[in-house]
């Protein structure tokens, strides 16, 4: 196709051509670059976060492939999966091509990942530093939007006997009955306690 300078009627074709070039569907990619095939051929560790989300949502929209849409979703949270997990179904649905089912799939996968991380934590971990406390409590209070008060009960080797949420509050405060802290400590014959207050 040729274009003559100064002919506005010819320029009308340019946006159409650009639009066709803009969207290359995943099916047009080489097999080894398609997310599903890449996972099978090279392993799940080789996939980017956008490619993993693309597998979850299955398809993009009229203007974007599933991978391009996934990249745009991730960019909205600065590529932070923790921030992404805090979005609501309604917020995810604001992205063109993301309906309720796709939004639920994304949040479900992120929740499973969070639970998998929690299950890796030792059943009775030993507390020797603030970092140990963080690793025990992060799965419980790491991304809350309200205040909570937790207590870790320790034995004489500083191993966690139990962890309990004693109160849940609002955005700015939570109330704690100190008697409940000591009551549980006596029930467990705990030697030590650690209190964890999460404030947003």
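Could you state the number of Å between the C-alpha centres of region 124-200 and region 85-100? What the calculation gives is 33 Å, centre to centre. The Cα atoms of region 130-198 give a gyration tensor whose axes a ≥ b ≥ c have a/c of 1.5 or more with a/b no greater than b/c, which makes the shape oblate.
Using the Cβ-Cβ distance between residue 158 and residue 81 with R0 set to 30 Å, the FRET efficiency from 1/(1 + (r/R0)^6) comes to roughly 0.40. Across region 130-198, C-alpha contacts under 8 Å between residues 6 or more apart give a mean separation that, scaled by the residue count, equals a relative contact order of 38 percent. Here each label is just a point 7 Å from Cα along the line to Cβ, and for residue 188 and residue 88 those points are 3.5 nm apart. What residues of region 50-79 lie in the reach of a label at residue 101, counting those whose backbone N is under 12 Å from a point 7 Å from the Cα along Cα→Cβ? From region 50-79, the list is 57-59. For residue 49 and residue 129, the difference between the fully extended length at 0.36 nm per residue and the C-alpha to C-alpha distance is 25.6 nm.
Read-outs throughout are calculated quantities, based only on the coordinates presented, and are distinct from any laboratory measurement. Quick caveat, the model's predicted, so the values are computed rather than measured. Note that each Cβ is placed from the backbone with ideal geometry, even for glycine, and that neighbours are counted across all protein chains shown.
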